[in-house]
Amino acid sequence: MLIALLKFVHITMIAIWAAGLISLPGLYVQRAHVKDKDALYRLQMMVRYAYVTIISPSAFIAVATGTALIFGQQTYAPWFSLKLLFVGVLVILHVLTGLIIIRLFKEGENYPVWRFVMATAITAIVAAVIVFLALAKPPIDTEFAGELMRPGGLRTIVERLSPWPIP
């Protein structure tokens, strides 16, 4: 019962997180069309409110429940490693979104349409890949991925590349 509840919360939070990251660039583009200082302030407050009180907590809860599910289900499959890679990409996109919000509302800043299209498309593709990997659980040839898919494989790769000993 606890695993089912964790899965429900995890999927719900991932959906809110991904939807928020996909929708924010649409609000950024509106920055160019706002001429009034009061309207600009309202747009800035709406974007920051969405990021700080809805999207970021959803991301945190999604990662926390996902971590709990890892321990609860002991998921150690190659598809899962690939899913975690794309979750890492989603986290990077989340951080970049926060940096854009900080910079966007300064005087004279703008968010070009091409960036809106790219950010929306990349985020939607990353979210779709995460959902595909979680639902399809495709078999991944571990020979293809080599050491990276083997538990502890990343450490082995880093030890070979690092000039310093790794404890």
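What follows is calculated from the coordinates using simple rules that are stated; it is not laboratory data. Just so you know, these numbers come straight off a predicted model, no measurement behind them. No Cβ is skipped: glycine too gets one built from the backbone with ideal geometry, and neighbour counts run over all protein chains shown.
Observations on the model:
- Residue order, fewest to most beta carbons within 10 Å, for W164, W79: W164, W79
- Note on the chain: Kirkwood radius taken over Cα pairs, Stokes-Einstein applied at 37 °C and 0.692 mPa s, translational D equal to 181 µm² s⁻¹.
- Anisotropy class of region 2-41 from Cα gyration tensor, a/c 1.5 cut: prolate
- Gain on full stretching of the segment that runs from A136 to R42 - 0.36 nm per residue minus C-alpha separation: 29.7 nm
- Axial C-alpha extent at least 24 Å, average Kyte-Doolittle at least 1.0 - helices from the chain (DSSP): 2-29, 56-73, 78-104, 113-136
- Here the simple spin-label model places points 7 Å from the Cα toward Cβ, and for M1 and A68 these points are separated by 1.5 nm.
- Which of Y28, Y111, Y49 has the fewest Cβ neighbours within 10 Å, and the rest in rising order: Y49, Y111, Y28
- Sites A128 and L161, calculated FRET efficiency, Cβ-Cβ separation with R0 35 Å, nearest 0.05: 0.65
- Loop sites by DSSP among the trypsin sites (Lys or Arg not before Pro) of the chain, restricted to those with at most 15 other Cβ atoms within 10 angstrom, leave 36-105 as the longest stretch without any of them.
- Going by neighbour counts of Cβ atoms within 10 Å, the residues S162, S56 line up, fewest first, as S162, S56.
- This model, with +1 at the C-beta of Lys and Arg and -1 at the C-beta of Asp and Glu, gives the chain a dipole about its Cα centre of some 300 debye.
- On full extension, the segment bounded by A50 and T75 gains 5.8 nm, given 0.36 nm per residue less the C-alpha separation.
- With a Förster radius of 25 Å applied to the beta-carbon distance between A15 and R103, the computed FRET efficiency rounds to 0.35.
- Distant-in-sequence amide H partners of I140 (H built 1.01 Å from N, under 5 Å): W79
- Using a Gaussian network model of the chain in which every pair of alpha carbons under 10 angstrom is joined by a spring, one finds that among Q73, Q30, Q44 the greatest mean-square fluctuation is at Q73.
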